[in-house]
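Below is one structure, written out as C-alpha coordinates; comments come after it.
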Amino acid sequence: MTDKNRSVFILGGARSGKSRFAEELAGNAGGRLHYLATGRAWDDEMRDRIDHHQARRGEEWTTHEAPVDIAAVLARLDGPENVILIDCLTLWLTNLMMEEADIETAFATLEAAIASTKAKLIVVSNEVGLGIVPENRMAREFRDHAGRLHQRVAAVADEVYFVAAGLPLKMKG
(Lines give C-alpha, C1' and ligand atoms only; values in the text may rest on other atoms or scores of the structure.)
Protein backbone atom coordinates (compact mmCIF):
# COMPACT_ATOMS: atom_id res chain seq x y z
CA MET A 1 0.00 0.00 0.00
CA THR A 2 1.49 3.31 -1.10
CA ASP A 3 0.33 6.91 -1.13
CA LYS A 4 -0.56 6.39 -4.78
CA ASN A 5 -2.60 3.26 -3.97
CA ARG A 6 -4.65 4.55 -1.05
CA SER A 7 -7.48 2.00 -1.13
CA VAL A 8 -7.26 -1.78 -1.07
CA PHE A 9 -10.17 -4.22 -1.36
CA ILE A 10 -9.67 -7.76 -0.07
CA LEU A 11 -12.08 -10.59 -0.83
CA GLY A 12 -11.99 -14.18 0.35
CA GLY A 13 -14.02 -16.99 1.83
CA ALA A 14 -14.60 -17.74 5.49
CA ARG A 15 -11.33 -18.45 7.32
CA SER A 16 -9.34 -17.71 4.17
CA GLY A 17 -6.84 -15.43 5.94
CA LYS A 18 -8.25 -12.22 4.47
CA SER A 19 -8.49 -10.35 7.79
CA ARG A 20 -4.98 -11.33 8.84
CA PHE A 21 -3.66 -10.20 5.44
CA ALA A 22 -5.58 -6.91 5.76
CA GLU A 23 -4.14 -6.31 9.24
CA GLU A 24 -0.61 -6.97 7.96
CA LEU A 25 -1.10 -4.51 5.09
CA ALA A 26 -2.43 -1.91 7.51
CA GLY A 27 0.43 -2.41 9.95
CA ASN A 28 2.96 -1.92 7.17
CA ALA A 29 1.22 1.14 5.69
CA GLY A 30 2.50 3.64 8.24
CA GLY A 31 -0.01 5.69 10.17
CA ARG A 32 -2.48 5.54 13.02
CA LEU A 33 -4.41 2.27 12.89
CA HIS A 34 -8.21 2.39 12.99
CA TYR A 35 -10.49 -0.63 12.78
CA LEU A 36 -14.10 -0.13 11.65
CA ALA A 37 -16.01 -3.12 12.99
CA THR A 38 -19.28 -3.87 11.24
CA GLY A 39 -20.10 -7.09 13.12
CA ARG A 40 -22.61 -7.31 15.91
CA ALA A 41 -22.37 -9.86 18.70
CA TRP A 42 -25.80 -11.46 18.32
CA ASP A 43 -24.68 -14.64 20.09
CA ASP A 44 -21.80 -16.19 22.03
CA GLU A 45 -20.12 -17.59 18.92
CA MET A 46 -20.00 -14.15 17.29
CA ARG A 47 -18.75 -12.59 20.56
CA ASP A 48 -15.91 -15.17 20.55
CA ARG A 49 -15.01 -14.26 16.96
CA ILE A 50 -14.97 -10.55 17.82
CA ASP A 51 -12.83 -11.18 20.92
CA HIS A 52 -10.37 -13.26 18.86
CA HIS A 53 -9.99 -10.50 16.25
CA GLN A 54 -9.50 -7.83 18.94
CA ALA A 55 -6.87 -9.87 20.76
CA ARG A 56 -4.98 -10.56 17.52
CA ARG A 57 -4.91 -6.88 16.54
CA GLY A 58 -3.53 -5.64 19.83
CA GLU A 59 -3.63 -2.27 21.52
CA GLU A 60 -2.12 -0.19 18.70
CA TRP A 61 -5.53 -0.28 17.00
CA THR A 62 -8.43 2.04 17.80
CA THR A 63 -11.72 0.23 17.23
CA HIS A 64 -14.82 2.02 15.98
CA GLU A 65 -18.19 0.26 15.90
CA ALA A 66 -19.83 0.95 12.54
CA PRO A 67 -22.57 -1.61 11.96
CA VAL A 68 -24.55 0.58 9.53
CA ASP A 69 -23.11 4.05 8.87
CA ILE A 70 -19.58 3.31 7.67
CA ALA A 71 -19.40 6.50 5.60
CA ALA A 72 -19.95 8.74 8.65
CA VAL A 73 -17.09 7.09 10.55
CA LEU A 74 -14.85 7.30 7.46
CA ALA A 75 -15.61 11.02 7.14
CA ARG A 76 -14.73 11.58 10.80
CA LEU A 77 -11.41 9.71 10.51
CA ASP A 78 -10.43 10.79 7.00
CA GLY A 79 -6.92 12.16 6.93
CA PRO A 80 -3.60 11.12 5.39
CA GLU A 81 -2.19 10.24 8.83
CA ASN A 82 -4.72 7.41 9.31
CA VAL A 83 -4.92 3.82 8.13
CA ILE A 84 -8.50 2.56 8.27
CA LEU A 85 -9.48 -1.10 7.99
CA ILE A 86 -13.16 -1.92 7.43
CA ASP A 87 -14.02 -5.51 8.34
CA CYS A 88 -16.30 -6.58 6.80
CA LEU A 89 -18.73 -5.51 4.09
CA THR A 90 -20.83 -8.67 4.14
CA LEU A 91 -21.62 -8.17 7.84
CA TRP A 92 -22.44 -4.54 7.00
CA LEU A 93 -24.76 -5.74 4.22
CA THR A 94 -26.46 -8.09 6.67
CA ASN A 95 -27.06 -5.17 9.03
CA LEU A 96 -28.47 -3.05 6.21
CA MET A 97 -30.84 -5.80 5.16
CA MET A 98 -31.96 -6.49 8.74
CA GLU A 99 -32.76 -2.78 9.18
CA GLU A 100 -34.45 -2.64 5.77
CA ALA A 101 -32.17 0.22 4.77
CA ASP A 102 -31.99 1.69 1.29
CA ILE A 103 -29.29 -0.61 -0.11
CA GLU A 104 -28.62 1.42 -3.26
CA THR A 105 -28.13 4.65 -1.32
CA ALA A 106 -25.87 2.94 1.22
CA PHE A 107 -23.74 1.41 -1.56
CA ALA A 108 -23.46 4.73 -3.42
CA THR A 109 -22.49 6.57 -0.23
CA LEU A 110 -19.79 4.01 0.59
CA GLU A 111 -18.52 4.00 -2.99
CA ALA A 112 -18.15 7.81 -2.94
CA ALA A 113 -16.41 7.71 0.45
CA ILE A 114 -13.88 5.14 -0.78
CA ALA A 115 -13.19 7.11 -3.94
CA SER A 116 -12.59 10.36 -2.08
CA THR A 117 -10.73 9.20 1.03
CA LYS A 118 -7.44 10.80 2.00
CA ALA A 119 -6.72 8.08 4.56
CA LYS A 120 -5.16 4.78 3.59
CA LEU A 121 -8.14 2.47 3.42
CA ILE A 122 -8.38 -1.33 3.47
CA VAL A 123 -11.79 -2.94 2.97
CA VAL A 124 -12.48 -6.63 3.66
CA SER A 125 -15.43 -8.70 2.48
CA ASN A 126 -16.51 -12.32 2.14
CA GLU A 127 -16.85 -13.65 -1.37
CA VAL A 128 -20.18 -15.45 -1.28
CA GLY A 129 -20.91 -15.92 -4.98
CA LEU A 130 -18.74 -18.95 -5.69
CA GLY A 131 -21.10 -21.61 -4.34
CA ILE A 132 -24.47 -23.02 -5.23
CA VAL A 133 -27.58 -20.90 -5.67
CA PRO A 134 -29.14 -20.44 -2.22
CA GLU A 135 -32.50 -22.11 -1.68
CA ASN A 136 -34.34 -19.16 -0.16
CA ARG A 137 -35.15 -15.72 -1.46
CA MET A 138 -33.43 -13.71 1.31
CA ALA A 139 -30.17 -15.63 0.86
CA ARG A 140 -30.33 -15.13 -2.93
CA GLU A 141 -30.95 -11.39 -2.45
CA PHE A 142 -28.01 -11.22 -0.02
CA ARG A 143 -25.72 -13.01 -2.50
CA ASP A 144 -26.85 -10.74 -5.34
CA HIS A 145 -26.44 -7.55 -3.28
CA ALA A 146 -22.98 -8.71 -2.18
CA GLY A 147 -21.94 -9.38 -5.77
CA ARG A 148 -23.05 -5.93 -6.90
CA LEU A 149 -21.39 -4.29 -3.89
CA HIS A 150 -18.11 -6.09 -4.55
CA GLN A 151 -18.10 -4.99 -8.19
CA ARG A 152 -18.64 -1.38 -7.18
CA VAL A 153 -15.97 -1.39 -4.48
CA ALA A 154 -13.49 -3.18 -6.76
CA ALA A 155 -14.10 -0.55 -9.45
CA VAL A 156 -13.11 2.35 -7.15
CA ALA A 157 -10.35 0.59 -5.17
CA ASP A 158 -6.76 1.11 -6.24
CA GLU A 159 -5.81 -2.50 -5.45
CA VAL A 160 -7.88 -5.67 -5.18
CA TYR A 161 -6.81 -9.02 -3.70
CA PHE A 162 -8.49 -12.40 -3.46
CA VAL A 163 -7.29 -14.52 -0.53
CA ALA A 164 -7.58 -18.32 -0.37
CA ALA A 165 -5.76 -20.67 2.01
CA GLY A 166 -3.92 -17.66 3.48
CA LEU A 167 -2.44 -16.75 0.08
CA PRO A 168 -3.29 -13.36 -1.47
CA LEU A 169 -3.73 -13.17 -5.22
CA LYS A 170 -3.45 -9.62 -6.58
CA MET A 171 -6.25 -8.96 -9.05
CA LYS A 172 -5.91 -5.21 -9.61
CA GLY A 173 -3.33 -2.48 -9.08
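Here is how the numbers come out for the structure above:
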quantity	calculated
Contact order relative to length of segment 1-105, as percent, for alpha carbon pairs under 8 angstrom and 6 or more apart	33
Relative packing of peptides 38-45, 11-18 - highest average C-beta neighbours within 10 Å first	11-18, 38-45
Computed helical MRE - 222 nm, the chain, DSSP H runs ≥ 4 contributing -39500 (n - 2.57), nearest 500	-14500 deg cm²/dmol
Percent carbon-and-sulfur accessible area, the chain, ignoring ligands, DNA and RNA, probe 1.4 Å	53
Antiparallel bridge percentage (DSSP; both residues within the chain; nearest 5)	15
Options (1) -0.48, -1.22; (2) -0.42, -1.22; (3) -0.68, -1.25 - which one matches log10 I(q)/I(0) by the Debye sum over Cα atoms at q = 0.11, 0.18 Å⁻¹ as calculated here	(2)
For segment 21-59 and segment 105-138, distance of Cα centres in Å	18
Most to least packed among 143-153, 79-89 [average Cβ atoms within 10 Å]	79-89, 143-153
Nearest-0.05 FRET efficiency for GLU45 and GLN151, computed from C-beta distance (R0 35 Å)	0.70
Size of charge dipole - the chain - debye, nearest 20, with Cβ of Lys, Arg +1 and Asp, Glu -1, no other charges	580
Highest average packing first - 116-126, 25-35, Cβ atoms within 10 Å	116-126, 25-35
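The values are calculated or read from the model by the stated rules, or taken from the named source; none is laboratory data. Just so we're clear, the structure is a prediction, and the values are computed from it rather than from any experiment. Note: ideal-geometry Cβ built from the backbone for every residue, glycine included; neighbour counts use all protein chains shown. These area figures cover heavy atoms from the full protein model, side chains too; ligands, DNA and RNA do not enter into them. Shrake-Rupley method; radii C 1.70, N 1.55, O 1.52, S 1.80 Å.
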